[in-house]
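The values are calculated or read from the model by the stated rules, or taken from the named source; none is laboratory data. From a predicted model like this one, the values you see are computed outputs, not experimental measurements. We place every Cβ from the backbone using ideal geometry, glycine too, and count neighbours over all the protein chains shown. Note: accessible area is taken over every heavy atom of the protein model, side chains too, but ligands, DNA and RNA are not part of it. Shrake-Rupley method; radii C 1.70, N 1.55, O 1.52, S 1.80 Å.
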Amino acid sequence: MNYDSFCELNFKNPKQHLSVLETPLGMRSFGQSVAFCNRCGLCLQSCPFYLLSLEETFSPRGYNQAIRFLLKKVLSPIRSRKKLQELSVSCTLCGRCMQACPGQVPTPQHILELRRLLDKRFLPFTLYFLMRLHSKHPKIFYTLARLGLSLRRIGVIKLLRFSGLSCLIGMRWMNQLDRMIPRSSKNARKQWKELLQTKEEAPSLIYIPSLETELFLPEIGINMWKLACINHRPALWAHTPTGLFEYVYGNLREARKQVKKIIEQVDTLDKKEIPVLTDSIDVYNFFKQAASLFEDYPQWKERAVQFAQQVVFATDLFPEDLKAPTPFTTPVALEYGALFSRQTKPFQTIEQKLHTLFAENFVQCRDRQADLPAFGYSFYAKDKATQIRALALRPLENQHVGTVVVLSGWAMMEVSCKKKKTLPSLKVLHVAQLNG
Ligand code: SF4
Ligand code: SF4
């Protein structure tokens, strides 16, 4: 007997898996979805990891073939564990292969299922522990995060970094974050703090700031708020776990719980069809697929489908007469880094807007070989992540781009940090900051 999904193979923990995948061409069982890969190889040249390794095993076709062998019991998840783990951590979940694939086979979703089967923790223990706290005990998480940020402000983190102590106490990841987190102005922090305390009694839009906006990038939050205020009386929900972290790195049951929590919060409002706004393209893509989490839970499925329709992005709030904040004299480009897919509506809208705003000054770096890797990738594939970032940023350098527009706070921190050496004058704008 062959398996049709990892639910059957992982009999200890079947609920860890999705029984049905939502693909661009409709709902498919996991087995069907993998079988749609006809091994044509049209995706190979679009996969950044394949371009670096030039090994068939580390290509979308290779990943799908390995998963097919698992389902057919040709490979054993126990005996081949090491190799499978190596495969599953190499994929950046960028979704470029889906774009190139004639059948739009969702290879990143297959990789996530493989990770769930292997039950591997991809983040360093202390960071993983912190992120679990964020989902389970947000109050403790925020107290610790604020303490960490205060210590950073007074220079303690830098001291730990230079003395090497951070590595000794198992917090090497802190060094990386310390390099990435920008210094925000006191004024912006104060304004954002006030906004976080704002309570609207009859909101007509809910804004859920992403974790990076809430903690490190108040400027994005303030701009999103202004954008939302053009046509709505928004209400802001901070400290709301999104489930994205669990979906990608952790426990799918927890991811379901967190999405349910958000849906329940929306349901307490008088107007249940209220738009739910996010400032991160990754959270947006995750929420849009929320229904696939509840395929075996009919009481939640319908509500999750409706919830997915309510989710909006900054690009949905752009006014007709959107004006750029300042006149740009150097080329403007768009960064396509996103988890799972870059074919979603926000990318199409922002491309059109950038064409209108900047005309020939908007350059589309079509020769790109990679996008920025997702959060956490560099923790398990440090060297590869550096090379993939270089592939992603090189076209900007070649085309003398002066401003790059990003669709998430994480991408903003990544580009701002990496450009320091090669493109120091490059300006990074979050899409919400376009509405000057
Ligand atoms: S994933 Fe798509 S493009 Fe790649 S080998 Fe399979 S069918 Fe072909
Ligand atoms: S999601 Fe990206 S890294 Fe993963 S197989 Fe597809 S193209 Fe390659």
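Over the stretch 6-118, what is the relative contact order in percent, taking alpha-carbon pairs closer than 8 angstrom and at least six residues apart?
In percent, rounded to a whole number, it is 31.
With a point put 7 Å past each Cα toward its Cβ, work out how far residue 56 is from residue 153 in nm, to one decimal.
5.7 nm
For a protection proxy built on the mean count of beta-carbon atoms within 10 angstrom, sort 124-136, 286-298, 333-345 highest first, please.
Top to bottom by mean Cβ count within 10 Å: 333-345, 286-298, 124-136.
Counting pairwise Cα distances across the stretch 1-51, what percent come out greater than 12 angstrom?
For the stretch 1-51, the share of Cα pairs beyond 12 Å comes to 70 percent.
Whole percent per 5 Å bin, from 0 to the bin with the longest distance: what is P(r) over all C-alpha pairs of the stretch 324-378?
Taking every Cα pair in the stretch 324-378, the percentages come to 4, 16, 25, 23, 16, 11, 5, 0.
Determine the equivalent ellipsoid of the stretch 240-346 by diagonalising the alpha-carbon gyration tensor, then write out the semi-axes as square roots of 5 times the eigenvalues, largest first, rounded to whole Å.
Largest first, the stretch 240-346 gives 30, 17, 11 Å.
Between residue 382 and residue 264, what FRET efficiency follows from the Cβ-Cβ distance if R0 is 41 Å, with the result rounded to 0.05?
Result of the calculation: an efficiency of 0.55.
Count the lysine pairs in the stretch 6-118 that are 8 or more places apart or on different chains: how many have C-alpha atoms under 19 angstrom apart?
Taking the Cα cut-off of 19 Å, the pair count is 6.
Just from its helices, what would the mean residue ellipticity at 222 nm be for the chain, if runs of 4 or more DSSP H residues each count -39500 (n - 2.57) and the sum is divided by every residue, rounded to the nearest 500 deg cm²/dmol?
Rounded to the nearest 500, the figure is -15000 deg cm²/dmol.
Let me make sure I get this right: for the stretch 6-118, a, b and c are the square roots of the gyration tensor eigenvalues over alpha carbons, sorted descending. Under 1.5 in a/c it's rounded, otherwise prolate if a/b > b/c, else oblate. Which is it?
oblate
Using all Cα-Cα distances in the chain, what percent lands in each 10 angstrom bin from 0 up to the longest?
For the chain, the binned pair fractions read 4, 21, 32, 28, 14, 2, 0 percent.
Quick one: net charge of residue 60's neighbours, Cβ under 13 Å, K/R +1, D/E -1?
Here the charged neighbours net out to +2.
So with the 1.4 Å probe, I'd like the accessible area per residue for the stretch 6-118, rounded to whole Å².
42 Å²
Could you sort out which of 186/384; 120/301; 186/419 sit more than 26 Å apart by Cα distance in this structure?
Flagged as over cut-off: 186/384; 120/301.
If the limit is 24 Å between Cα atoms, which of 323/418; 261/288; 288/323 go over it?
323/418; 288/323
Can you bin every Cα-Cα distance in the stretch 91-189 into 5 Å intervals starting at zero and give me the percent of pairs per bin, rounded to whole numbers?
2, 10, 14, 16, 16, 13, 11, 9, 6, 2, 0
Just to confirm my numbers, what's the Cα centroid distance between the stretch 260-318 and the stretch 1-70 in Å?
Centre-to-centre (Cα) distance: 26 Å.
Using Cα pairs under 8 angstrom and six or more residues apart, how large is the relative contact order of the stretch 28-180, in percent?
RCO, the stretch 28-180: 19 percent.
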